[in-house]
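First the structure, in the form of structure tokens, and then the observations on it.
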Amino acid sequence: MTISRIMTPVVMILFIAVLLFLMNFQLFCHMFNRDRYESVTATLVQNTSDPLTMMVPMVRIQYEYQGTVYEERKYYALAPLFGLTRQEGSDLEIYVNKTAPGHSLFRENFFRNIINWILLIFGGVFISLLIRRIRQGFRNHKRRRLQKKIKGNRETGGNNGE
């Protein structure tokens, strides 16, 4: 078995893992720093776009934390995939950083994003493919070892060197 037959699913599994991480970056930030964030309701004030390229959707949100009103512009390209609305005036759940309240994360539900499900299914397929290839490699190695042993027995006359 060649290394390339094993590496193909490994590379695909790593690609899917990196893609899942990048798509769900805010979720992972909150998950690993859970004690640093507090859940707050924000209001979507305005739909805009990236000031540089004018192509990437952004929103302006406003929220109150500990008596102070904060306003923040955030990229909003993947948020609708997680079930977040684009309608101005609607309420969104966000996580506010307790030590830096001007920084917030959207509260995104991992399982509402259909792309996450598709990536998880592909990841499962490639993991099962990797396991099958590793098992086949062990079987092939065992078969070759047995064939060498049989060939050695034939050359020595079947007495196993006794």
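Residues in segment 16-46 that are closer than 27 Å to ARG133 by Cβ and in contact with a Phe, Trp or Tyr (Cβ under 7 Å, 6 or more places away or on another chain) were compared, and the one that is modelled with the lowest pLDDT is PHE21. Here the condition is being outside any helix (DSSP H, G or I), at pLDDT 85 or above, open to solvent by less than 80 Å² (accessible area, probe 1.4 Å) and of a type in the set (S, T, N, Q); of GLN62, GLN136, it holds for GLN62 alone. Among residues of segment 56-69 that are closer than 15 Å to GLU38 by Cβ, those with a beta-carbon under 8 Å from a residue that is part of a strand (DSSP E or B) and open to solvent by 40 Å² or more (accessible area, probe 1.4 Å) at least six positions away or on a different chain give the pairs TYR63/THR41; TYR63/THR43; TYR63/VAL69; TYR63/TYR70; GLU64/TYR70; TYR65/GLU38.
For PHE111, the conditions (1) over 16 Å from the mean Cα position of the chain (by Cα); (2) more than 24 Å from VAL11 (Cβ to Cβ); (3) among the hydrophobic types (A, V, I, L, M, F, W, C); (4) open to solvent by 40 Å² or more (accessible area, probe 1.4 Å) all hold with the exception of (1). For segment 91-104, the set of residues classified as open to solvent by less than 10 Å² (accessible area, probe 1.4 Å) and aliphatic (A, V, I, L, M) consists of LEU92, ILE94, VAL96, listed by residue number. For segment 20-39, name all the residues that are surrounded by 11 or more Cβ atoms within 10 Å (Cβ to Cβ) and outside any helix (DSSP H, G or I). Across segment 20-39, the qualifying residues are ASN24, ASN33, TYR37, GLU38.
Look at ILE13 and say whether it is within 30 Å of ARG145 (Cβ to Cβ), modelled with pLDDT of 80 or more and open to solvent by less than 70 Å² (accessible area, probe 1.4 Å). The answer is yes for ILE13. TYR95 falls short on exactly one of the conditions (1) assigned to a helix (DSSP H, G or I); (2) touching a helix residue (DSSP H, G or I) at 6+ places or on another chain (Cβ under 7 Å), and that condition is (1).
Of the set (1) small (Gly, Ala, Ser); (2) part of a helix (DSSP H, G or I); (3) more than 14 Å from the chain's Cα centre (by Cα), all apply to ALA17 but (3).
When PHE111 is tested against (1) modelled with pLDDT under 80; (2) in a loop (DSSP other than H, G, I, E, B); (3) farther than 20 Å from ASN47 by Cβ, just one condition goes unmet, and that condition is (2). Checking THR2, THR53, THR68, THR85 one by one, the residue that is farther than 25 Å from ILE127 by Cβ, open to solvent by 60 Å² or more (accessible area, probe 1.4 Å) and at pLDDT below 75 is THR53 and no other.
Residue check: is ILE150 within 27 Å of ILE6 (Cα to Cα) and either open to solvent by 50 Å² or more (accessible area, probe 1.4 Å) or among the basic types (Lys, Arg) (or both)?
Working: within 27 Å of ILE6 (Cα to Cα): no; either open to solvent by 50 Å² or more (accessible area, probe 1.4 Å) or among the basic types (Lys, Arg) (or both): yes.
Criteria not met by ILE150.
The values are calculated or read from the model by the stated rules, or taken from the named source; none is laboratory data. Computed from a prediction, not measured in an experiment: that's the story for all the values here. Positions of Cβ are backbone-derived with ideal geometry, glycine not excepted, and every protein chain shown enters the neighbour counts. Side chains are part of the model used for accessible areas, which takes the heavy atoms of the whole protein and leaves out ligands, DNA and RNA. Shrake-Rupley method; radii C 1.70, N 1.55, O 1.52, S 1.80 Å.
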